[in-house]
Amino acid sequence: MQVPAPFEYERATSVDHAIGLLERLGGSARLVAGGHSLLPMMKLRLANFEYLIDINDLRDELGYLDVRTDEIRIGALTRHRELLESDELAAAFPIFRDAEKVIADPVVRNWGTLGGSLCQADPSEDLSAVCTTLDGRCVIRGQSGERVVPMTEFHRGPYETAVGDDEILIEIRFPVRPRGGSAFEKVERRAGDWAVVSAGAAVWLLDDGRIADARVGLAAVGPNTTALPEISAALTGREPSEELYDEAGRLAAQGCRPESDMRGSEEYKRHLAGELTKRALRRSVERARERG
(Lines give C-alpha, C1' and ligand atoms only; values in the text may rest on other atoms or scores of the structure.)
Protein backbone atom coordinates (compact mmCIF):
# COMPACT_ATOMS: atom_id res chain seq x y z
CA MET A 1 0.00 0.00 0.00
CA GLN A 2 1.32 3.41 -0.93
CA VAL A 3 1.44 6.12 1.75
CA PRO A 4 1.72 9.89 1.29
CA ALA A 5 5.14 11.49 1.35
CA PRO A 6 5.99 13.01 4.77
CA PHE A 7 4.30 16.32 5.49
CA GLU A 8 3.85 18.71 8.42
CA TYR A 9 0.45 19.53 9.86
CA GLU A 10 -0.90 22.89 11.02
CA ARG A 11 -4.37 23.66 12.38
CA ALA A 12 -5.73 27.11 11.53
CA THR A 13 -7.75 28.94 14.17
CA SER A 14 -9.24 31.65 11.93
CA VAL A 15 -9.43 32.67 8.28
CA ASP A 16 -6.77 35.31 8.87
CA HIS A 17 -4.54 32.72 10.57
CA ALA A 18 -4.95 30.36 7.61
CA ILE A 19 -4.07 33.14 5.16
CA GLY A 20 -1.02 34.02 7.25
CA LEU A 21 0.15 30.40 7.20
CA LEU A 22 -0.33 30.22 3.43
CA GLU A 23 1.60 33.42 2.92
CA ARG A 24 4.48 32.13 5.06
CA LEU A 25 4.56 28.60 3.61
CA GLY A 26 3.75 29.46 -0.01
CA GLY A 27 3.13 26.82 -2.64
CA SER A 28 4.43 24.03 -0.39
CA ALA A 29 1.18 24.16 1.67
CA ARG A 30 -2.38 23.06 0.93
CA LEU A 31 -5.61 23.63 2.83
CA VAL A 32 -7.58 20.55 3.86
CA ALA A 33 -11.12 20.19 5.22
CA GLY A 34 -12.83 16.93 4.26
CA GLY A 35 -9.74 15.63 2.47
CA HIS A 36 -11.63 13.00 0.49
CA SER A 37 -10.04 14.08 -2.80
CA LEU A 38 -6.69 15.46 -1.66
CA LEU A 39 -5.53 12.62 0.58
CA PRO A 40 -6.10 9.82 -1.99
CA MET A 41 -4.14 11.87 -4.52
CA MET A 42 -1.31 12.23 -2.01
CA LYS A 43 -1.37 8.48 -1.32
CA LEU A 44 -0.97 7.84 -5.03
CA ARG A 45 1.84 10.44 -5.20
CA LEU A 46 -0.23 12.46 -7.67
CA ALA A 47 0.08 15.45 -5.34
CA ASN A 48 2.83 16.28 -2.91
CA PHE A 49 2.76 19.04 -0.26
CA GLU A 50 5.14 19.71 2.59
CA TYR A 51 2.42 21.23 4.79
CA LEU A 52 -1.28 20.55 5.28
CA ILE A 53 -3.31 23.29 6.96
CA ASP A 54 -6.45 21.93 8.59
CA ILE A 55 -9.31 24.47 8.39
CA ASN A 56 -12.08 22.45 10.03
CA ASP A 57 -12.03 24.79 13.04
CA LEU A 58 -13.15 27.63 10.75
CA ARG A 59 -16.69 26.28 10.46
CA ASP A 60 -18.06 29.18 12.53
CA GLU A 61 -16.68 31.59 9.92
CA LEU A 62 -17.17 29.61 6.72
CA GLY A 63 -19.84 26.96 7.37
CA TYR A 64 -23.07 28.84 6.62
CA LEU A 65 -25.98 28.92 4.22
CA ASP A 66 -27.51 32.40 3.88
CA VAL A 67 -30.69 32.40 1.79
CA ARG A 68 -31.95 35.87 0.82
CA THR A 69 -34.69 36.99 -1.54
CA ASP A 70 -32.23 38.20 -4.19
CA GLU A 71 -29.08 36.18 -3.44
CA ILE A 72 -27.87 33.00 -1.77
CA ARG A 73 -24.48 32.95 -0.08
CA ILE A 74 -22.85 29.67 0.88
CA GLY A 75 -19.71 29.47 2.99
CA ALA A 76 -16.89 27.39 1.55
CA LEU A 77 -16.94 24.98 4.53
CA THR A 78 -20.62 24.14 4.19
CA ARG A 79 -20.83 20.36 4.01
CA HIS A 80 -22.55 18.34 1.29
CA ARG A 81 -25.04 16.95 3.81
CA GLU A 82 -26.12 20.48 4.75
CA LEU A 83 -26.66 21.37 1.10
CA LEU A 84 -28.66 18.18 0.58
CA GLU A 85 -30.90 18.73 3.60
CA SER A 86 -31.62 22.46 3.25
CA ASP A 87 -35.25 22.94 2.24
CA GLU A 88 -34.67 26.66 1.64
CA LEU A 89 -31.88 25.92 -0.82
CA ALA A 90 -33.92 23.22 -2.55
CA ALA A 91 -36.86 25.61 -2.92
CA ALA A 92 -34.69 28.22 -4.66
CA PHE A 93 -32.35 25.86 -6.53
CA PRO A 94 -33.57 22.23 -6.65
CA ILE A 95 -30.50 21.44 -8.77
CA PHE A 96 -28.46 21.31 -5.56
CA ARG A 97 -30.55 18.53 -4.02
CA ASP A 98 -30.59 16.65 -7.34
CA ALA A 99 -26.80 16.70 -7.46
CA GLU A 100 -26.12 16.00 -3.80
CA LYS A 101 -28.25 12.86 -3.91
CA VAL A 102 -25.81 11.29 -6.38
CA ILE A 103 -22.51 12.56 -4.98
CA ALA A 104 -20.35 9.81 -3.49
CA ASP A 105 -21.71 8.23 -0.28
CA PRO A 106 -22.92 9.38 3.17
CA VAL A 107 -19.40 9.41 4.64
CA VAL A 108 -18.17 11.80 1.96
CA ARG A 109 -21.31 13.92 2.18
CA ASN A 110 -20.93 14.23 5.95
CA TRP A 111 -17.37 15.58 5.70
CA GLY A 112 -16.82 16.93 2.21
CA THR A 113 -17.37 20.66 1.62
CA LEU A 114 -18.56 22.84 -1.23
CA GLY A 115 -15.31 24.80 -1.25
CA GLY A 116 -13.23 21.64 -1.28
CA SER A 117 -15.15 20.29 -4.26
CA LEU A 118 -14.69 23.49 -6.27
CA CYS A 119 -11.03 23.91 -5.34
CA GLN A 120 -10.21 20.34 -6.31
CA ALA A 121 -11.11 21.44 -9.86
CA ASP A 122 -11.68 17.90 -11.07
CA PRO A 123 -13.28 18.06 -14.54
CA SER A 124 -15.74 15.33 -13.47
CA GLU A 125 -16.86 17.06 -10.27
CA ASP A 126 -20.63 17.53 -10.08
CA LEU A 127 -20.98 20.67 -7.96
CA SER A 128 -18.72 22.59 -10.31
CA ALA A 129 -21.33 22.00 -13.01
CA VAL A 130 -24.07 23.10 -10.60
CA CYS A 131 -22.29 26.32 -9.64
CA THR A 132 -21.45 27.11 -13.26
CA THR A 133 -25.07 26.59 -14.27
CA LEU A 134 -26.32 28.93 -11.53
CA ASP A 135 -23.89 31.71 -12.52
CA GLY A 136 -22.03 31.37 -9.22
CA ARG A 137 -19.42 33.90 -8.10
CA CYS A 138 -16.51 32.84 -5.92
CA VAL A 139 -15.26 35.16 -3.17
CA ILE A 140 -11.51 34.76 -2.63
CA ARG A 141 -9.67 36.39 0.28
CA GLY A 142 -5.97 37.12 0.76
CA GLN A 143 -3.84 39.55 2.73
CA SER A 144 -4.73 42.37 0.32
CA GLY A 145 -8.49 41.86 0.67
CA GLU A 146 -11.27 40.11 -1.22
CA ARG A 147 -11.96 39.65 -4.90
CA VAL A 148 -14.89 38.05 -6.72
CA VAL A 149 -14.34 35.61 -9.60
CA PRO A 150 -17.20 34.17 -11.71
CA MET A 151 -17.37 30.38 -11.90
CA THR A 152 -16.67 30.56 -15.64
CA GLU A 153 -13.20 31.93 -14.77
CA PHE A 154 -12.59 30.07 -11.49
CA HIS A 155 -11.20 26.87 -13.02
CA ARG A 156 -8.02 27.59 -14.98
CA GLY A 157 -7.44 23.98 -16.02
CA PRO A 158 -7.66 20.46 -14.58
CA TYR A 159 -6.89 20.69 -10.83
CA GLU A 160 -6.03 24.40 -11.17
CA THR A 161 -8.11 27.34 -9.91
CA ALA A 162 -7.96 31.13 -9.67
CA VAL A 163 -7.10 30.88 -5.95
CA GLY A 164 -3.52 32.00 -5.35
CA ASP A 165 -1.00 30.24 -3.11
CA ASP A 166 -1.69 32.71 -0.28
CA GLU A 167 -5.47 32.98 -0.75
CA ILE A 168 -8.54 31.07 0.39
CA LEU A 169 -11.99 30.58 -1.14
CA ILE A 170 -14.42 31.81 1.51
CA GLU A 171 -17.84 31.99 -0.15
CA ILE A 172 -19.90 31.28 -3.26
CA ARG A 173 -22.76 33.63 -4.21
CA PHE A 174 -25.73 32.94 -6.47
CA PRO A 175 -28.22 35.50 -7.81
CA VAL A 176 -31.88 34.63 -7.22
CA ARG A 177 -34.36 35.60 -9.94
CA PRO A 178 -38.13 35.05 -10.21
CA ARG A 179 -39.81 32.24 -12.16
CA GLY A 180 -36.76 30.04 -12.22
CA GLY A 181 -36.32 26.29 -12.29
CA SER A 182 -33.24 24.08 -12.28
CA ALA A 183 -32.31 20.40 -12.51
CA PHE A 184 -29.34 18.05 -12.60
CA GLU A 185 -28.86 14.81 -14.52
CA LYS A 186 -26.01 12.31 -14.21
CA VAL A 187 -24.92 8.99 -15.67
CA GLU A 188 -22.47 7.00 -13.56
CA ARG A 189 -21.16 3.46 -13.74
CA ARG A 190 -22.24 2.69 -10.19
CA ALA A 191 -23.86 4.61 -7.34
CA GLY A 192 -21.63 7.34 -5.95
CA ASP A 193 -19.06 7.09 -8.73
CA TRP A 194 -17.58 9.96 -10.72
CA ALA A 195 -19.81 10.96 -13.60
CA VAL A 196 -19.50 9.47 -17.04
CA VAL A 197 -21.25 12.72 -17.96
CA SER A 198 -23.38 15.07 -15.87
CA ALA A 199 -25.45 18.08 -16.88
CA GLY A 200 -27.01 20.94 -14.96
CA ALA A 201 -29.61 23.32 -16.36
CA ALA A 202 -31.36 26.43 -15.09
CA VAL A 203 -34.21 28.28 -16.80
CA TRP A 204 -36.03 31.54 -16.02
CA LEU A 205 -39.37 32.29 -17.69
CA LEU A 206 -41.08 35.46 -18.79
CA ASP A 207 -44.71 36.15 -17.81
CA ASP A 208 -45.87 34.92 -21.22
CA GLY A 209 -44.06 31.59 -20.74
CA ARG A 210 -41.14 32.26 -23.08
CA ILE A 211 -37.59 31.72 -21.84
CA ALA A 212 -36.01 34.83 -20.34
CA ASP A 213 -32.67 33.11 -19.77
CA ALA A 214 -31.27 29.59 -19.70
CA ARG A 215 -27.93 28.10 -18.71
CA VAL A 216 -26.34 24.68 -19.07
CA GLY A 217 -23.20 23.32 -17.41
CA LEU A 218 -21.57 19.97 -18.18
CA ALA A 219 -19.00 17.92 -16.26
CA ALA A 220 -16.69 15.09 -17.38
CA VAL A 221 -16.64 16.22 -21.01
CA GLY A 222 -13.48 18.31 -21.20
CA PRO A 223 -10.53 19.73 -19.24
CA ASN A 224 -12.85 22.02 -17.26
CA THR A 225 -16.49 22.18 -16.35
CA THR A 226 -18.13 23.26 -19.60
CA ALA A 227 -20.41 26.28 -19.78
CA LEU A 228 -22.32 26.56 -23.04
CA PRO A 229 -23.32 30.17 -23.80
CA GLU A 230 -24.46 29.15 -27.28
CA ILE A 231 -27.33 27.25 -25.65
CA SER A 232 -28.32 30.34 -23.68
CA ALA A 233 -28.35 32.37 -26.89
CA ALA A 234 -30.40 29.74 -28.74
CA LEU A 235 -33.08 29.42 -26.04
CA THR A 236 -33.55 33.01 -24.91
CA GLY A 237 -36.85 34.53 -26.02
CA ARG A 238 -38.30 31.28 -27.34
CA GLU A 239 -41.20 29.10 -26.25
CA PRO A 240 -40.12 25.87 -24.51
CA SER A 241 -40.78 22.81 -26.66
CA GLU A 242 -39.40 19.37 -27.40
CA GLU A 243 -37.93 20.75 -30.63
CA LEU A 244 -36.11 23.42 -28.64
CA TYR A 245 -34.76 20.85 -26.19
CA ASP A 246 -33.52 18.78 -29.13
CA GLU A 247 -31.74 21.82 -30.53
CA ALA A 248 -30.08 22.46 -27.15
CA GLY A 249 -29.04 18.81 -26.96
CA ARG A 250 -27.37 19.02 -30.36
CA LEU A 251 -25.50 22.16 -29.29
CA ALA A 252 -24.35 20.43 -26.09
CA ALA A 253 -23.06 17.42 -27.99
CA GLN A 254 -21.21 19.64 -30.44
CA GLY A 255 -19.86 22.08 -27.84
CA CYS A 256 -18.18 19.67 -25.41
CA ARG A 257 -14.71 18.10 -25.71
CA PRO A 258 -14.84 14.59 -24.21
CA GLU A 259 -12.10 12.01 -24.54
CA SER A 260 -12.42 8.25 -24.70
CA ASP A 261 -11.42 6.53 -21.46
CA MET A 262 -12.44 3.68 -19.17
CA ARG A 263 -15.86 5.30 -18.63
CA GLY A 264 -16.80 5.46 -22.29
CA SER A 265 -15.95 6.53 -25.80
CA GLU A 266 -15.97 10.11 -27.05
CA GLU A 267 -19.02 9.35 -29.18
CA TYR A 268 -20.93 7.87 -26.23
CA LYS A 269 -20.12 10.87 -24.02
CA ARG A 270 -21.27 13.32 -26.68
CA HIS A 271 -24.51 11.37 -26.94
CA LEU A 272 -24.96 11.53 -23.17
CA ALA A 273 -24.18 15.28 -23.10
CA GLY A 274 -27.00 15.86 -25.55
CA GLU A 275 -29.53 13.57 -23.87
CA LEU A 276 -28.81 14.79 -20.32
CA THR A 277 -29.01 18.41 -21.43
CA LYS A 278 -32.47 17.77 -22.88
CA ARG A 279 -33.66 16.03 -19.71
CA ALA A 280 -32.27 18.74 -17.41
CA LEU A 281 -33.82 21.54 -19.47
CA ARG A 282 -37.20 19.79 -19.61
CA ARG A 283 -37.29 19.34 -15.83
CA SER A 284 -36.07 22.90 -15.26
CA VAL A 285 -38.92 24.33 -17.33
CA GLU A 286 -41.45 22.14 -15.50
CA ARG A 287 -40.17 23.41 -12.17
CA ALA A 288 -40.16 27.04 -13.31
CA ARG A 289 -43.80 26.68 -14.41
CA GLU A 290 -44.71 25.17 -11.05
CA ARG A 291 -43.15 28.13 -9.24
CA GLY A 292 -44.82 30.60 -11.59
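The values are calculated or read from the model by the stated rules, or taken from the named source; none is laboratory data. These numbers were taken from a predicted model, which means no experiment stands behind them. Note that we place each Cβ from the backbone using ideal geometry, even for glycine, and neighbour counts take in every protein chain shown.
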> In the range 94-119, which residue that is assigned to a helix (DSSP H, G or I) and closer than 15 Å to residue 195 by Cα is modelled with the lowest pLDDT?
Replying inline: 117
> Are any of the residues in the range 20-27 modelled with pLDDT of 90 or more and basic (Lys, Arg)?
Replying inline: yes
> Quick one: is residue 196 of a type outside the set (Lys, Arg) and within 29 Å of residue 106 (Cα to Cα)?
Replying inline: yes
>> Checking residue 82 against (1) buried (at least 19 other Cβ atoms within 10 Å of the Cβ); (2) under 12 Å from the mean Cα position of the chain (by Cα): exactly one of these is not met. Which one?
In response: (2)
> Is there a residue in the range 150-157 that is in contact (Cβ under 8 Å) with a residue 40 or more places away in the chain, buried (at least 20 other Cβ atoms within 10 Å of the Cβ), in contact with a Phe, Trp or Tyr (Cβ under 6 Å, 6 or more places away or on another chain) and not assigned by TED's automatic domain parsing to the domain that holds residue 188?
Replying inline: no
>> Within the range 272-286, does at least one residue satisfy the condition of being more than 20 Å from the chain's Cα centre (by Cα), β-branched (Val, Ile, Thr) and either part of a strand (DSSP E or B) or over 17 Å from residue 98 (Cα atoms) (or both)?
In response: no
> When the range 253-287 is examined, which residues are found to be of a type in the set (Lys, Arg) and either within 11 Å of residue 216 (Cβ to Cβ) or touching a Leu at 6+ places or on another chain (Cβ under 6 Å) (or both)?
Replying inline: 278
>> Scan the range 242-264 and tell me whether some residue there is surrounded by fewer than 23 Cβ atoms within 10 Å (Cβ to Cβ), outside the structural domain of residue 136 (by TED's automatic domain parsing), in a strand (DSSP E or B) and not small (Gly, Ala, Ser).
In response: yes
> Counting only residues that are within 21 Å of the chain's Cα centre (by Cα) and not basic (Lys, Arg), which one in the range 250-271 is farthest from residue 210 (Cα to Cα)?
Replying inline: 259
> Considering the range 48-93 alone, what residues qualify as being under 19 Å from residue 112 (Cα atoms), at pLDDT below 95 and among the polar types (S, T, N, Q)?
Replying inline: 56
>> Please go through (1) closer than 18 Å to residue 138 by Cα; (2) not in a helix (DSSP H, G or I) for residue 61 and return the number of the only condition it doesn't satisfy.
In response: (2)
> Conditions: (1) over 16 Å from residue 218 (Cα atoms); (2) surrounded by fewer than 24 Cβ atoms within 10 Å (Cβ to Cβ); (3) not basic (Lys, Arg). Residue 138 meets all but one. Number of the miss?
Replying inline: (2)
